[in-house]
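Remarks on the structure that follows.
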Amino acid sequence: MGRDHLLIFSGTAHPNLAKNICKYLGIEQGNVYIGRFPDQEVDIKVESDVRGADVFVVQPTCTPVNEHLMELLALIDCLRRASANRITAVIPYYGYARKDRKDAGRVPITAKLVANLLVTAGADRVLTVDLHADQIQGFFDIPLDHLLAGTIFIPYFQELNLPDLVVVSPDVGSIKQARAYAKRLKGDLAVVDKRRESPEKVGSLILIGDVKDKNVILVDDMISTGSSIVEASKFLKENGAKDIYICATHPVLCGQAIEKLKNAPVQRIVVSDSIPIPRKEELPNLEVISLAWYLGEAIRRIHNSDSVSYLFEYT
Ligand code: R5P
């Protein structure tokens with residue numbers, strides 16, 4: 001094997017996505033043993049030769065978040081000590097991202113803490129998709145490539161060619177993303193101004209814009225408990241919306257999310273495979289669009305030192 005050869009490893013969070021990335025790239029996945037010691041500490045042994053290699057580790061930090069995060073850190077440490085030339089953490093879903101500032105006294109900034117941990121472990125670069133907040137990029141003092149999932153979602157909706165379209169942001173945080181979709185899909189833009197009562201409960205909603213007799217695409221970065229998107233869908237229906245399509249990058253789907261989505265007044269729920277989805281079959285209107293080619297192409301470009309931003313020219 002020559003110097004700087006490309007190698008992909010996977011943690012246990014999403015082996016299927018890693019497999020499909022390798023398939024796109026036409027390469028074999030690196031071999032690694034990942035287990036647990038009797039006391040549940042992470043046990044890892046990289047079995048492929050990585051000396052001098054350009055290594056990419058695929059691991060979304062989805063639930064169980066702490067397990068997956070620790071695995072990722074240990075795997076990076078292991079690769080660094082095994083003399084990999086460069087290590088890129090491929091984190092399609094970056095967990096712990098919601099705490100990106102001190103919004104109250106005596107709270108942590110976990111998005112920054114995780115960035116520090118990754119760099120300390122030995123990551124040289126990060127490749128991720130739709131961070132909860134753009135500014136998290138700046139928490140890393142190493143290069144970070146931030147892919148925008150619009151690249152896989154917009155062609156999907158262009159194909160549907162929905163008439164009388166309005167793209168709706170379910171809160172002010174997703175306006176930038178919704179505006180980019182509206183521009184490319186030639187639709188109008190509306191915003192639901194959401195006030196949260198607690199992490200699980202949405203409070204009052206105000207609509208800025210018009211959805212009456214329009215088809216709606218509700219765009220968000222993630223569906224966690226489902227409260228935001230489901231409450232927003234009901235609210236849009238009350239305001240006269242026609243068909244509602246949910247488009248969310250990260251299907252975190254925790255708590256009662258599946259139950260809530262089952263009863264939501266929506267035509268289709270479109271998500272990416274940044275996270276594996278348990279109980280997928282319970283949502284017949286769920287459409288999963290794969291990030292595999294997109295991540296694979298970004299990896300190929302990073303490896304060859306080609307432009308990555310070329311991939312998301314839609315913004
Ligand atoms: C909010 O800032 C995010 O963009 C999502 O809307 C939110 O995290 C989703 O959470 P949930 O599904 O629990 O309402």
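Yes or no, residue by residue, for (1) near the ligand (Cβ under 9 Å from one of its atoms); (2) of a type in the set (S, T, N, Q); (3) in a helix (DSSP H, G or I):
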| position | (1), (2), (3) |
| --- | --- |
| 198 | no, yes, no |
| 204 | no, yes, no |
| 213 | no, no, no |
| 217 | no, no, no |
| 221 | yes, no, no |
| 230 | yes, no, yes |
| 235 | no, no, yes |
| 242 | no, no, no |
| 249 | no, yes, no |
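Going through 6, 72 one at a time, which residue ends up being crowded, with 24+ Cβ neighbours inside 10 Å, under 25 Å from residue 137 (Cα atoms) and not β-branched (Val, Ile, Thr)?
On the way: 6 fails: crowded, with 24+ Cβ neighbours inside 10 Å.
Result: 72 is the single residue among 6, 72 that is crowded, with 24+ Cβ neighbours inside 10 Å, under 25 Å from residue 137 (Cα atoms) and not β-branched (Val, Ile, Thr).
Name every residue in the stretch 161-193 that is within 20 Å of residue 288 (Cβ to Cβ), open to solvent by 20 Å² or more (accessible area, probe 1.4 Å) and touching a residue at least 60 places away in the same chain (Cβ under 8 Å), in order of residue number.
162
Consider residue 278 against the criteria (1) under 18 Å from residue 17 (Cα atoms); (2) open to solvent by 20 Å² or more (accessible area, probe 1.4 Å); (3) not assigned by TED's automatic domain parsing to the domain that holds residue 231: it satisfies all of them except one. Which criterion is unmet?
It fails just one condition, (3).
Could you pull out the residue among 212, 201 that is basic (Lys, Arg), touching a helix residue (DSSP H, G or I) at 6+ places or on another chain (Cβ under 8 Å) and surrounded by fewer than 13 Cβ atoms within 10 Å (Cβ to Cβ)? Explain how you work it out, then say what you get.
On the way: 212 fails: touching a helix residue (DSSP H, G or I) at 6+ places or on another chain (Cβ under 8 Å).
Testing whether each residue is basic (Lys, Arg), touching a helix residue (DSSP H, G or I) at 6+ places or on another chain (Cβ under 8 Å) and surrounded by fewer than 13 Cβ atoms within 10 Å (Cβ to Cβ) leaves just 201.
Could you pull out the residue among 230, 211, 216, 192 that is β-branched (Val, Ile, Thr) and farther than 29 Å from residue 276 by Cα? Don't jump to the end; show me each part of the working.
On the way: 230 fails: farther than 29 Å from residue 276 by Cα; 216 fails: farther than 29 Å from residue 276 by Cα; 192 fails: farther than 29 Å from residue 276 by Cα.
After ruling out the rest, the residue left standing is 211.
Kindly check whether there is at least one residue in the stretch 66-82 that is assigned by TED's automatic domain parsing to the domain that holds residue 18, within 14 Å of the chain's Cα centre (by Cα) and not in a loop (DSSP other than H, G, I, E, B).
Taking the stretch 66-82 first, the residues assigned by TED's automatic domain parsing to the domain that holds residue 18 are 66-82.
Subset that is within 14 Å of the chain's Cα centre (by Cα): none.
The answer is no, given that none of the residues of the stretch 66-82 is assigned by TED's automatic domain parsing to the domain that holds residue 18, within 14 Å of the chain's Cα centre (by Cα) and not in a loop (DSSP other than H, G, I, E, B).
The values are calculated or read from the model by the stated rules, or taken from the named source; none is laboratory data. All of these numbers come straight from a predicted model, not from anything done at the bench. Cβ atoms come from the backbone with ideal geometry, glycine included; neighbour counts cover every protein chain shown. These accessible areas exclude ligands, DNA and RNA; they are computed on the full protein's heavy atoms, side chains included. Shrake-Rupley method; radii C 1.70, N 1.55, O 1.52, S 1.80 Å.
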